[in-house]
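Undergrad: Just dropping this structure here.
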Amino acid sequence: MAYSEAQVVVGGLGHVPVIIGAAWMIQSFIKARTGPSGVATSTKAAVSGNTVAQPLSEVTTPSSAQTTSGAQNQQAKKAHQAVPVNLFKPKTPFIGTVVENYSLLKEGAIGRVNHITFNLSGADPQFNYFEGQSIGIIPAGEDSNGKPHKLRLYSIASTRHGDNFEGNTVSLCVRQLQYEKDGQTIDGVCSTYLCDIAPGDKIKITGPVGKEMLLPEEEDSNVIMLATGTGIAPMRAYLRRMFENTERKLNSWNFKGKAWLFMGAPKTANLLYDSDFEWYRSQFPDNFRYTKAISREQNNVKGGRMYIQDRVLENADELFALIENPKTHIYLCGLKGMEPGIDEAMTTAAASKGIDWSELRPKLKKAGRWHVETY
Ligand code: FAD
Ligand code: A2P
């Protein structure tokens, strides 16, 4: 956690000079594109800027990859300047109000995972964010040294319009951290605070931060999503943006590509937002594929727990056919521990197509098509 968190925070700090120099530009940009509620009013405003698109044939050729991705990175960098970052910092957090806090789990599920929504009304500047960003939460109370708790980062699970479509809320999907130490159950500080917080309570919020997980601009882009547990948070925002009718109207952004979600959960009862995704699948069968890996109910071919990397292997041909398309982006979010497994599966899957994954992955990354946020 600390490493990833530091990465994101340092990434955010790296933008401080830009923010100071161009804060007014960013705010004017956002204001110019949002109505009084903060709802985006134009398609271009609604996009985040990972506009990079590069054919696999080019990506696999080192010289052309360098030239093409150089120009594309410039393009992406420009678009990224429009993304709000660090509007509220740890010393001056925004004080939001809890709107709702409910369990996402069904009877028989393992652990505790909640959907929590905060009201952002009254923020000055307006608390805007884009799909794929995170916010910081500073839990109430003090640590064992009597110092205020440090912030923890959480991926935003709502679109910029919020669950109520009014542009004044942000939602999270939080798993309570619990582990055993010396025979005692230890509760994570911030995740427990968040799971216990009640409507009406006040909460310190910082951010938004992060530009790693932004969606591509093109309506005909393809989006492959690999999520475990709460790693579904940004994906939920993407899928709402793509397939919720009200979102489509608000954004004037009509996703026409293919979205493919690989979701890993321990039990069926632990699947998060499953009925929403099933609804999208029924409404957009040509655009949305939803593949589940239920680790403690299904087995992989070796008889072990079914993980999303096993599903990747099962679907290697179709996945790599999609990756061939220059408009395909891959997003990975959730447990840090899944990264080696995904890498191994991609290596095997790529090899079956005569592709060297260890060469291709950094090129996809450089081209802005490989997005990872694990913790
Ligand atoms: P803490 O009280 O801070 O405890 C964590 C510490 O406990 C660890 O650093 C470690 O020292 C110790 N620990 C943890 N497990 C064990 C163990 N098994 N044995 C011994 N010691 C252990 N979380 C979500 O729920 N949803 C999200 O959407 C989400 N998004 C994130 C996005 C980013 C970019 C990052 C960096 C993290 C994200 N997290 C998310 C994780 C979140 O930031 C916190 O790390 C998590 O909620 C735990 O915080 P805590 O305060 O409850 O735990
Ligand atoms: P399991 O815990 O059965 O080993 P949650 O956050 O709700 O626990 O869900 C995380 C999901 O990711 C679970 O199904 C978990 O399986 C699975 N998982 C655990 N480790 C890995 C890994 N290394 N690679 C992929 N998935 C994993």
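The values are calculated or read from the model by the stated rules, or taken from the named source; none is laboratory data. Only a predicted model underlies this, so the values are computations on that prediction, with no experimental measurement involved. Glycine also receives a Cβ, built like all others from the backbone with ideal geometry; neighbour counts cover every protein chain displayed. Keep in mind that these areas ignore ligands, DNA and RNA; they rest on the heavy atoms of the full protein, side chains included. Shrake-Rupley method; radii C 1.70, N 1.55, O 1.52, S 1.80 Å.
Undergrad: Let me test this: with uniform point scatterers at the alpha carbons of segment 80-143, what is the Debye-based log₁₀ I(q)/I(0) at q = 0.18 1/Å?
TA: Per q value, in the given order, log10 I(q)/I(0) is -0.86.
Undergrad: Now, a different point. What is the calculated FRET efficiency for Glu344 to Ala198, with r their C-beta to C-beta distance and R₀ = 35 Å, to the nearest 0.05?
TA: So the FRET efficiency works out to roughly 0.20.
Undergrad: Give me the three principal axis extents of segment 310-375 from the C-alpha atoms, as integers in angstrom, largest value leading.
TA: Cα spread of segment 310-375 along its principal axes, largest to smallest: 31, 25, 18 Å.
Undergrad: Students often check this: by mean Cβ neighbours within 10 Å, which of 151-158, 124-131 ranks highest, and how do the rest follow?
TA: Answer by packing, highest mean first, reads 151-158, 124-131.
Undergrad: Based solely on C-alpha atoms, express the radius of gyration and the Dmax of segment 260-375 in angstrom.
TA: Every Cα atom of segment 260-375 included, Rg and Dmax give 14.5, 39 Å.
Undergrad: Could you quote the convex hull projected area for segment 193-246, Cα atoms only and averaged over all directions, in nm²?
TA: About 6.0 nm², averaged over all directions.
Undergrad: Next question, about the same structure. Which lysines have a Cα less than 16 Å from the Cα of Lys181, not counting those fewer than 8 places away in the same chain?
TA: Cα-Cα hits under 16 Å: none found.
Undergrad: Just how large is the dipole of segment 218-323 about the Cα centre, in debye to the nearest 20, putting +1 at every Lys and Arg Cβ and -1 at every Asp and Glu Cβ?
TA: Roughly 320 debye for segment 218-323.
Undergrad: A follow-up question, please. At 1.4 Å probe size, what's the solvent-accessible area of Asp196? Round to the nearest 10 Å².
TA: Rounded to the nearest 10, the figure is 90 Å².
Undergrad: To continue, here is another question. Taking the Cα centre of segment 293-338 as the origin, how large is its charge dipole in debye, to the nearest 20, when only Lys and Arg (+1) and Asp and Glu (-1) carry charge on their Cβ atoms?
TA: Value, rounded to 20: 300 debye.
Undergrad: Express in whole angstrom the spacing between the alpha-carbon centres of segment 103-161 and segment 260-295.
TA: 23 Å
Undergrad: If you take every residue apart from Asp286 with its C-beta less than 13 Å away from the C-beta of Asp286, what net charge results, scoring Lys and Arg +1 and Asp and Glu -1?
TA: Local net charge: +3.
Undergrad: OK, next. Over 19 Å between Cα atoms: which of Lys211/Lys365; Lys150/Lys202; Lys249/Lys292; Lys336/Lys365 fall into that group?
TA: Lys249/Lys292
Undergrad: Right, next: Each residue of segment 139-156 in turn: what ³J(HN,Hα) in whole Hz from Karplus with 6.51, -1.76, 1.60 and θ = phi - 60°, glycine and Pro shown as x?
TA: Result, rounded to whole Hz: x, 5, x, 10, 7, 5, 9, x, 9, x, 4, 7, 6, 10, 8, 9, 5, 6.
Undergrad: Under 10 °C and 1.306 mPa s, how fast does segment 231-297 diffuse according to Stokes-Einstein, given a Kirkwood radius computed over C-alpha pairs? Answer in µm²/s, whole number.
TA: Translational diffusion coefficient: 127 µm²/s.
Undergrad: With all protein chains present, calculate the accessible area of Thr348 using a 1.4 Å probe and round the result to the nearest 10 Å².
TA: 80 Å²
Undergrad: Which order, highest average first, do 163-176, 287-300 follow once you tally other Cβ atoms within 10 Å for each residue and take the mean per peptide?
TA: Numbers: 163-176: 20.7, 287-300: 16.9.
Ranked by mean Cβ neighbours within 10 Å, highest first: 163-176, 287-300.
Undergrad: With all protein chains present, how much of the accessible area of segment 169-267 (probe radius 1.4 Å) comes from carbon and sulfur, to the nearest whole percent?
TA: Carbon and sulfur: 47 percent of the exposed surface of segment 169-267.
Undergrad: If you roll a 1.4 Å probe over segment 273-364 with all protein chains in place, what percent of the accessible area is carbon or sulfur?
TA: Working: 2240 of 4620 Å².
For segment 273-364, the apolar C and S fraction of the accessible surface comes to 48 percent.
Undergrad: Something else about it: Ignoring ligands and nucleic acids, what accessible area does Glu318 show with a 1.4 Å probe (Å², nearest 10)?
TA: Spelled out: Glu318, probe radius 1.4 Å, area about 90 Å².
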